[in-house]
1. Ratio of Rg to Rh for region B:10-73, alpha carbon only, Kirkwood?
2. For chain B, what is the largest minus smallest coordinate of the Cα atoms on each principal axis, given in angstrom and ordered from greatest to least?
3. For chain B, take the longest principal axis of its alpha carbons; what is the angle in degrees between that and the long axis of helix B:130-154, to the nearest 10 within 0 to 90?
4. For chain B, what does -39500 (n - 2.57) per DSSP helix run (n ≥ 4), summed and divided by total residues, give at 222 nm, in deg cm²/dmol to the nearest 500?
5. How far apart, in nm, are two points set 7 Å out from the Cα along the Cα-to-Cβ line at A:Ile22 and at B:Leu37?
6. Compute the angle between helix A:144-172 and the longest alpha-carbon principal axis of chain A, please, reported from 0 to 90 degrees and rounded to the nearest 10.
7. Quick one: compute a quarter of the convex hull surface over the Cα atoms of region A:1-97 and quote it in nm².
8. Looking only at other chains, what is the average number of their beta-carbon atoms within 10 angstrom of each beta-carbon in B:248-254?
Amino acid sequence: MKNKGWLFLIPALLLMSVSAFIPLMTVVNYSLHYIFSGSAPTFVGLENYVEVLNEPNFHDALIRQLIFSFMVLLVEIPLGILIALAMPRQGFGVAISLVLLGIPLLIPYNVVGIIARLFTQSDIGAIPHFISMFNYDYNVALHSADAILTIFFIDVWHWTPLVVLLTYAGLQAIPDAYYQAAQIDGASTWSTFRYVTLPKLKPVLILGVLLRFMDSFKIYAEPLLLTGGGPGNATTFLSLHVARKAESYELGYAGAVSVIYLVIVIAFSYLFYQVMTHIGKGDQ
Amino acid sequence: MKKRTIALIIYFIILFVPIYWMVITSVKTDNEILRELTFFPKQITFQNYGEIFESPIWRGSFANSLSYVFINVLITLMAAIPGAYAFSRWKFLGSNQLFFWLLTNRMAPAAVFMVPFTELYYILHIYDTCWAVALAHCLFNIPLAIWILEGFMSGIPKEIDETAMVDGYSFPRFFYKIFLPLIGSGIGVTAFFCFTFSWVELVLAKALTVTNAKPVVVTLTVGIGAEGVRWGLMAAAGVLTIIPGAIVVYFVRNYMAKGFALGRV
């Protein structure tokens, strides 16, 4: 009776049907209708999808989102690995480091937004104050580049600790014997890292890449609080684009964007998963 | 000191500059915040904290947030522990597909589900209650919990289950008396991550509450964006939002690093 596995999953599946499956089907249903408050929804087939795919605002939000998420991965994953390698492996430093790493993760998104505003407000902020010494007028409300970079640094600050925690967990799980063997073979620091550590870290790194990819794709509160998606549309990421449409009750359109969004993020996650599981198979 | 220890210390200092900044802003006077940039408050005042503790709105929203986070962590664990057990012990029909489907829910942006959740919870008569937010947060916490717990459970050899059965343990008794204590640290870590993700979430918590169950993250947002924001008050409330989590983190610190060490992926 291998299939009694399903029995154990009943509570989880019941909850997921209420908090995931039914809402998702509702969204799919919206996406196939033209909905305008006050009148009955009309079935329009894939018309909403055609509209979304032809809209320049959607293209811009998507490209912005992809660039942002790839930048996040390119910086946070290597930085996270480096910091995890520098962490103490035993002694009282371990507990202290772990608690310190955990704290930024616990700050609610909008508190992060408040901190960002404390730093960037043109009247009270520390960053505009210091940068003005270099004759540069830093202003997130006016300069797109300032706003995008600020959000990028906020994300790196807030979430690199998660990558460190994951990688550190992976490092702790590598038996010392592997390093001793490498030392006896006279391996350099780099080749020990490349051929012993990195392959062993693969499972946690896959997890880290996937989590950071999905979550950075969802980025919402930081740009909303910093500049409301501006200046112009410079920091209107995909989630913000969807939320705007949903808030203005363009439910059919918002539904179609959401479904396309999900397809994209699932496709990329699946791709990362496949690529990362197949890379360096020979190393192990 | 070794070079990498110094690098690590520098990293931690950078990591804590923003938090330090928020803490000192919270104890500055409004006048000092607006007038000049100071690295140490010239005059320390706890007026902002006092105001929060005296206000029923702030107190109420802290209580609301803690309630839905605790409800969420409890129901997530109750559903995810048996679920993760199933994934760790048996490879059943469709188990891999089901596991991936669960993960895809972690990928869905909360903004997508805002409207359907509102409609659904209206029908269930739980809109604007802590239950609505707690249930909605299961969307991302149950997949994560199953993911982490499955890793811990796979680390426990199957022989332990079999030996217990041979020794005449009934399944529930084995599960409660033997298995759960073995994965205690896993449950602690899972609880920490579920707590974190539910505590920091803003979009759904905001969409599903109006007044009765208004969480602290929403009370905070009200003050931002407007002209003449009371930064000191916002900073004080921000500092207070870190404290419950910091307590949790202190208790699970030794297990935290193990959380993702093993696992299906």
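Read-outs: derived from the displayed coordinates by stated rules, not from any lab. Note that the structure is predicted; figures quoted are calculated from it, not measured. As a convention, Cβ positions derive from the backbone with ideal geometry for all residues, glycine included, and neighbour counts pool all protein chains shown.
1. Numbers: Rg = 15.7 Å, Rh = 14.1 Å.
For region B:10-73, the value is 1.11.
2. Largest first, chain B extends 73, 62, 30 Å along its Cα principal axes.
3. 50 degrees
4. On the way: 13 runs with 193 residues, N = 265.
Computed mean residue ellipticity for chain B: -24000 deg cm²/dmol.
5. Between A:Ile22 and B:Leu37, the simple spin-label model gives 5.3 nm.
6. 40 degrees
7. Details: hull surface 55.2 nm².
Mean shadow area of the hull around the Cα atoms is 13.8 nm².
8. Values: counts 2, 8, 3, 0, 3, 9, 3.
Mean shielding by partner chains, rounded to a whole number: 4.
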